[in-house]
Amino acid sequence: RVLTREELQKFLAALGTRQSDRILKLALYAGGQRIEQLLRANREDWHVDTKTLHLLDPKGRRKTPRRHLIPLGPQASAMVADFAKEASEASDPQNTHQEKRLFPVRADTIGKRISAIAKELKIPKFNARDLRRTCETMLVERKISKEVRAHLLSHGLGGVQDKHYDMHNYAKEKRAALVRWEAHLNTILLKKTTNNTKKNE
């Protein structure tokens, strides 16, 4: 299903500082990226100089995973930078077999957290795919083109044109879309915060 604007307001406001919440917020601020792909990211997949996160997309009939580049907006970049710093501080240079993941959380933990928040907020249940579906629906409303959305969310790119002719990486277009998207989410969250403040007055 697609969450309503009010449901998304409540969900954003409910996200706290635990790792699962931070990953959910990142997935949203990154445009609705697949949780499974985010969780597979390693520390070297974060390119701090370009503020770009490199994911691998094995979806479809690909023999090798597609390289999925996400040029993040300022807030999402800051979120990933915090995870990268924590991963670096927790690393042991002497241990070559240690965990290299950027986001050390299990996928089922994320799913359980979504269910818990929905129950707490007393809204109809939803899952990570519904959050992704909600993001794309709202991106349409923000007039982000179908072409840019496809590259931003890494879907519908298996045709002849995309495989062999369109070699443009859409980095500028994706970043511009994500900057606009962050501003939109901030507006949604701000309205929720403002409404709560008025109720408490």
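At a threshold of 8 angstrom on Cα-Cα distance, excluding pairs fewer than six apart, so keeping six or more, what relative contact order does region 6-135 reach in percent?
Dividing the mean separation by the residue count of region 6-135 yields 31 percent.
Towards the positive end of the charge dipole of region 1-151, with charges on Cβ (+1 Lys, Arg; -1 Asp, Glu), say which of 84, 41, 140 has the farthest Cα.
Positive-end residue among those listed: 140.
Considering only Cα-Cα distances, which of the following residue pairs are longer than 25 Å: 146/172; 125/191; 143/172; 85/125; 10/112?
85/125
Read the figures in this text as sums done on the coordinates, not as results from a lab. For clarity, every value in this text was computed on a predicted model and none was experimentally measured. Glycine gets a Cβ as well: all are built from the backbone with ideal geometry, and neighbour counts include every protein chain shown.
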